[in-house]
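Take a look at the structure below.
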Amino acid sequence: MSEPILRVEGISKTYAPRGLFKGAGLRPALASASFELSKGEILGVVGESGSGKTTLARCVALLERPDAGRIVFKGEELTALSEGVLRKRRRGIQTVFQDPYASLNPRQKIGDVLGEVMLVHGLATREALRDRVAALLDQVGLPATAADAYPKAFSGGQRQRICIARALAAQPDILIADEPVSSLDVSVQAQVINLILDLRDRLGLSVIFIGHDLQLIDFIAPRVLVMLNGEIVETIPADGSIADARHEYTRALMQAVPKLETITG
Ligand SMILES: Nc1ncnc2c1ncn2[C@@H]1O[C@H](COP(=O)(O)OP(=O)(O)O)[C@@H](O)[C@H]1O
Ligand SMILES: [Mg+2]
């Protein structure tokens, strides 16, 4: 195993209370989570709804700051950086979320969505932009003509490909995929999963793949973190099997899940 590209040390997050119950015994959404990620590794994260998976994703990507703990990315402590410096570093850790419909602005052409990311980060010149957008689209299995269309022209699976292309436009080292196929038809789930695995192979990306289906996540990721109530309660090692899981909850997750996602819409 190579030197970890990411080290997460005891990060916690408690959301400010909403409504009447201010200060009333808040439970953290994320409680002292620690793990490492190697270059090119696919790390799985699994847990029931509300277990803190999305909070983990958002904190690791520094879309929000954890209340405590450290995130060290390529040897630099992101959690110690000022907002200004952090803005530049965020490029390296990109996220794809569950709902590709909500993630895309309906009034923005796909080519502009992708081009904007590259321009903002200074990764392409205006002259080269069209070719670079076409190359990105090709990388996710979409035709160059997709650049001129709006999100509504695409199916759920295609929109998720576009969201993946947008993440790749930033040339990240790490891709966090937060339930990327949970809102898709079963028939296209495997294609999107295979795309992510393929990108890992071709680009050497490190991937954090989040889901609620333990069997699926175990199939995708050699090493799997199991979350419950904001805590990582078990790590299934790369050379281990979910059949040997120690935690009762992990075994329950194994049994409770129907064939691929049929629950989340
Ligand atoms: N923005 C927020 N404000 C308040 N509570 C939140 C917010 N986001 C998540 N939570 C709470 O944090 C806990 C973990 O949520 P989340 O990370 O979304 O879990 P998961 O992704 O595993 O379903 C839940 O109890 C949820 O209600
Ligand atoms: Mg979630």
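Database remark: amide H of Leu228 closer than 5 angstrom to the amide H of Val233 (H placed geometrically; neighbours at sequence offset of 5 or more, or on other chains; Pro and chain starts carry no H). The charge dipole of the chain, taken about the Cα centre with unit charges on the Cβ atoms of Lys, Arg (+1) and Asp, Glu (-1), comes to about 860 debye, rounded to the nearest 20. Exposed loop sites here are GluC sites (Glu not before Pro) assigned a DSSP state other than H, G, I, E or B and surrounded by at most 13 other beta carbons within 10 Å; excluding them, the longest clear run of the chain is 128-265. Here region 4-256 carries DSSP beta bridges of which approximately 50% are antiparallel, counting only pairs with both residues inside. When the chain is treated as a GNM with alpha-carbon contacts under 10 Å, the residue of Ser187, Ser155, Ser38 showing the greatest mean-square fluctuation is Ser187.
Among beta bridges from DSSP that stay inside region 64-211, the antiparallel ones total about 20%.
Loop exposure criterion: chymotrypsin sites (Phe, Trp or Tyr not before Pro), DSSP state outside H, G, I, E and B, at most 15 other Cβ atoms within 10 Å. Applied to the chain, the longest stretch between such sites is 102-265. The sum of -39500 (n - 2.57) across all DSSP H runs of n ≥ 4, divided by the residue count of the chain, sets its helix-only mean residue ellipticity at 222 nm to -9500 deg cm²/dmol.
Where the centre of each part is set by its Cα atoms, how far does region 222-258 sit from region 5-82, in angstrom? Cα centres, region 222-258 to region 5-82: 19 Å.
Stretching the chain fully between Glu77 and Leu119 yields a gain of 12.5 nm (0.36 nm per residue, less the alpha carbon separation).
Here the Karplus curve 6.51 cos²θ - 1.76 cosθ + 1.60, taken at θ = phi - 60°, turns the phi angles of region 241-246 into couplings of 10, 4, 5, 9, 3, 7 Hz, with x standing for Gly and Pro.
Considering only Pro180, Pro106, Pro222, the mean-square fluctuation computed in a Gaussian network model of the chain, springs between alpha carbons under 10 angstrom, is largest for Pro106. In this structure, the residue pairs whose Cα-Cα separation is over 29 Å, taken from Lys13/Lys39; Lys13/Lys109; Lys53/Lys109; Lys39/Lys88; Lys53/Lys74, are Lys13/Lys109; Lys53/Lys109.
Coordinate-derived values only; no laboratory data. Treat the numbers as computed from the prediction; the structure is a model and nothing was measured. Every residue, glycine among them, receives a Cβ derived from its backbone with ideal geometry; neighbour counts consider all protein chains shown.
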